[in-house]
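Taking it in order: structure first as structure tokens, then the write-up.
The values are calculated or read from the model by the stated rules, or taken from the named source; none is laboratory data. Keep in mind it's a predicted model, so treat the numbers as computed, not measured. So basically every Cβ, Gly included, is an ideal-geometry build from the backbone, and we count neighbours across all protein chains shown.
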Amino acid sequence: MRHQTLDQLHTVAKVHRDPTPPGMDRTQRLERWSKLLERQPNRLLTALTGTEYRSSPERDVMRGEGSPISVAFDDPILRDEGLKDDTYGEAKRFFELTDDQLHEIVCYCHVGETMQSSRAALCVRDAID
């Protein structure tokens, strides 16, 4: 086996760098989520009930069909970035949010059973420190 420099290799072969872009950072993930929510600003989304009253294990598995978190999970780009499901715990992990931040985004105590997507988008943007 003969060792060659990258310049020497360019003369005999096409050298391609890994085309995979680096992953999104926290801010980019949150911005993408807020943009997804802003696409249909009047869409009614399901709020999660009583996130602040649940134990951490209970809260982590909470989910709701048509919730702000499910909007994120429906996006193939965020799934490719590592969003595994549409549960409260997974959103907290993936978006690197505190319980207080995620509570503001998804909990019913602020909005009732449903919320407009535009309101959820504003809350997501507020979480971008």
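Key figures
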{"quantity": "Selection count where residues are without any contact (Cβ under 8 Å) to a residue 24 or more places away in the chain and among the small types (G, A, S), scope the range 41-55", "calculated": "1"}
{"quantity": "Of the criteria (1) closer than 14 Å to R26 by Cα; (2) free of Cβ contacts under 8 Å to residues at least 60 places away in the same chain; (3) crowded, with 16+ Cβ neighbours inside 10 Å, which one G64 fails", "calculated": "(1)"}
{"quantity": "I69, sole failed condition from (1) in contact with a Ser or Thr (Cβ under 9 Å, 6 or more places away or on another chain); (2) over 15 Å from L37 (Cα atoms)", "calculated": "(2)"}
{"quantity": "Members of the range 63-88 found to be farther than 20 Å from A127 by Cα and touching a strand residue (DSSP E or B) at 6+ places or on another chain (Cβ under 7 Å), listed by number", "calculated": "G64, E65, G66"}
{"quantity": "Every residue from the range 31-43 that is surrounded by 15 or more Cβ atoms within 10 Å (Cβ to Cβ) and part of a helix (DSSP H, G or I)", "calculated": "E31, R32, W33, S34, L36, L37, E38"}
{"quantity": "Set Y108, Y53, Y88: member being of a type outside the set (A, V, I, L, M, F, W, C), surrounded by 15 or more Cβ atoms within 10 Å (Cβ to Cβ) and modelled with pLDDT under 95", "calculated": "Y108"}
{"quantity": "Residues satisfying the stated conditions in the range 66-94, i.e. over 20 Å from Q40 (Cβ atoms) and not β-branched (V, I, T)", "calculated": "D80, E81, G82, K84, D85, Y88, G89, E90, K92, R93, F94"}
{"quantity": "Entirely in the range 44-116, the helices (runs of 4 or more DSSP H) that have 1 or more residues that are of a type in the set (A, V, I, L, M) and either in contact with a helix residue (DSSP H, G or I) (Cβ under 8 Å, 6 or more places away or on another chain) or on the phi < 0 side of the Ramachandran plot (or both)", "calculated": "68-73, 76-81, 88-94, 99-106"}
{"quantity": "Unmet criterion (only one of (1) closer than 22 Å to I128 by Cβ; (2) at pLDDT below 95) for L45", "calculated": "(2)"}
{"quantity": "Search result, residues across the range 96-125 that are without any contact (Cβ under 8 Å) to a residue 24 or more places away in the chain and closer than 16 Å to G66 by Cα", "calculated": "R119"}
